[in-house]
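Quick notes on the structure that follows.
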Amino acid sequence: MADRTIASNVVGLSRLLQLEWEARQATSMDDIAFLAVNETRQMVNFDRAMLWLPWQRRVRAVSGVSAVERTAPFTQWADRVARHMGRQRTTADFTLITEDILPRSLRSDYSEWSPGTLFWLPLRIDDAARDGGLLLMRSEPFDESEIQVLVRLAATFSHALSLLRLRRRGNVQRRGKRLFGRIWLPLAAAAAIAALFIPVRLTILVPAQVVPANPHFVSAPIDGVVERILVQPNQTVRADQVL
């Protein structure tokens, strides 16, 4: 019996490590969403799971289906429940959702859509305005060991989603730099070359003295005092004109 228990624990641990590795190696939100709502069942059994992401503000994935039927009444109710829980920003690792903690607008459908246990695992994703979450449903309560596994997986999915968003931001920045290099740098080089053909007038201030090239001195034959000058400065004169 002890050997069987050890072997079962080893198998469970191996599955957990493999699931965590696949989540962190995921290259898309859809891959992580599929792991969260479907592959988690390998570790803890449940009737239904739904993943809600804060930046999309809607259910991203539902267990057992390839596409979310957003017009279904159950999906719309579960989406409102997840939206409400995401706004709480609770510090708890999980929340057992009961009818009395929900707003009145959601209580009326609780008995119809809840199978008995409604379990919320917050996904705290870096740089997200609010929490995402994994909503699990089943008829019987989760025991302590199952809760520990679910809390660990929620932390794994939170880290995987944060890592994927960080990678995408880095790719966008790198693509932006490459685009700048391919477009703007050639344009800047062309503009610099074109600027070489623009004529630029240069001026400089230096001390100078203006003198006539061929000066002609006018003088009187005798000494005396000039009483008056009959012409203006720079005025044109003719021969034999009295000055």
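The values are calculated or read from the model by the stated rules, or taken from the named source; none is laboratory data. These figures come from a predicted structure and were not determined experimentally. All Cβ positions, even for glycine, are placed from backbone atoms using ideal geometry, and neighbour counts span all protein chains on display. These accessible areas exclude ligands, DNA and RNA; they are computed on the full protein's heavy atoms, side chains included. Shrake-Rupley method; radii C 1.70, N 1.55, O 1.52, S 1.80 Å.
Residue check: is residue 13 touching a helix residue (DSSP H, G or I) at 6+ places or on another chain (Cβ under 7 Å), more than 26 Å from residue 126 (Cα to Cα) and among the aliphatic types (A, V, I, L, M)? The answer is no for residue 13.
Yes or no, residue by residue, for (1) at pLDDT below 85; (2) within 17 Å of residue 154 (Cβ to Cβ); (3) within 24 Å of the chain's Cα centre (by Cα):
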| site | (1), (2), (3) |
| --- | --- |
| 2 | yes, no, no |
| 7 | yes, no, no |
| 13 | yes, no, no |
| 20 | no, yes, no |
| 25 | no, no, yes |
| 32 | no, yes, yes |
| 36 | no, yes, yes |
| 43 | no, yes, no |
| 47 | no, no, no |
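Just checking, how many residues over region 117-132 are among the acidic types (Asp, Glu) and open to solvent by 20 Å² or more (accessible area, probe 1.4 Å)? Within region 117-132, residues that are among the acidic types (Asp, Glu) and open to solvent by 20 Å² or more (accessible area, probe 1.4 Å) number 2.
The residue that is farthest from residue 77 (Cα to Cα), among those in region 90-116 that are β-branched (Val, Ile, Thr) and open to solvent by 10 Å² or more (accessible area, probe 1.4 Å), is 91.
The lone criterion from (1) free of Cβ contacts under 8 Å to residues at least 40 places away in the same chain; (2) within 27 Å of residue 167 (Cβ to Cβ) left unmet by residue 131 is number (1). When region 84-97 is filtered for residues that are modelled with pLDDT of 85 or more, of a type outside the set (A, V, I, L, M) and more than 19 Å from residue 155 (Cβ to Cβ), only 84 remains.
Screening region 31-89 for residues that are in a loop (DSSP other than H, G, I, E, B) and in contact (Cβ under 8 Å) with a residue 60 or more places away in the chain and picking the one that is surrounded by the most Cβ atoms within 10 Å (Cβ to Cβ) gives 46.
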